[in-house]
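Every number in this text was worked out from the coordinates using simple rules, so none of it is lab data. Being a predicted model, the structure only gives us computed values, none of them experimental. Every residue, glycine as well, gets a Cβ built from its backbone with ideal geometry; the counts of neighbours run over all protein chains shown.
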Amino acid sequence: MADVRIRLLDYLRAAADPELRRALVEALGAIDVAAARTLARDDPASGIAVATMLGAMHIAEATTAEMMDAAKLAATRAPRDDAGNEVALLAGVILWRLGGDLQAAEPYFRRMRRADPGHPDVLAFYRELFVGESGAAQLVQVLIQARRAVKDAEERFKLAQEVAELAEHRQGSVDRAIETWR
């Protein structure tokens, strides 16, 4: 059951992949939606319990609206400290990937961003949210914050390179791009 969260996130990232759906079904085992809801209700801080509930709902062909409502409710029940961040991430990914509602998903990703600014799902979300020239400045700020938080030198370099490219191409500022490289 521990890999249900990972399997659900993988599936939501690439929902058209039948192999990932099969992996999610295998990870869920024989649990039904009612039992999964009970698990999530009894342990609101558990990302695994909430992922089990959301995965079971999805496999049982719940509507997108039902999934989004369940994800939002789970996030409101989760603790507001770091213990509830996994649940907030799941809610954000459901609202974004399944529901296509970037604005509704943003508060959940903002919460995750405070805890882990370099998280790959957080960065992917903000890259999509701040697409276009109008969002370039906000995306640069997100990437700079992530670059400061990331420990891996190669990842830091990639983020700095992305910021420089954004500054040069979308903001039209060669000076800003040069400043980023410093």
Looking only at region 1-33, and only at residues there that are under 17 Å from the mean Cα position of the chain (by Cα) and among the β-branched types (Val, Ile, Thr), the one that is farthest from residue 97 (Cα to Cα): 4
Criterion violated by residue 114 - all others in (1) in a helix (DSSP H, G or I); (2) more than 11 Å from the chain's Cα centre (by Cα); (3) more than 13 Å from residue 89 (Cβ to Cβ) satisfied: (3)
Residue list for region 62-85, filter: surrounded by 20 or more Cβ atoms within 10 Å (Cβ to Cβ) and of a type in the set (S, T, N, Q): 85
Long-range neighbours under 9 Å by Cβ, at least six apart or interchain, first residue on the phi > 0 side of the Ramachandran plot within region 98-121, second crowded, with 19+ Cβ neighbours inside 10 Å: none
Single residue of 89, 73 found to be touching a His at 6+ places or on another chain (Cβ under 8 Å) and not charged (D, E, K, R): 89
Qualifying positions in region 130-144 - surrounded by fewer than 17 Cβ atoms within 10 Å (Cβ to Cβ) and either closer than 12 Å to residue 119 by Cα or among the acidic types (Asp, Glu) (or both): 133
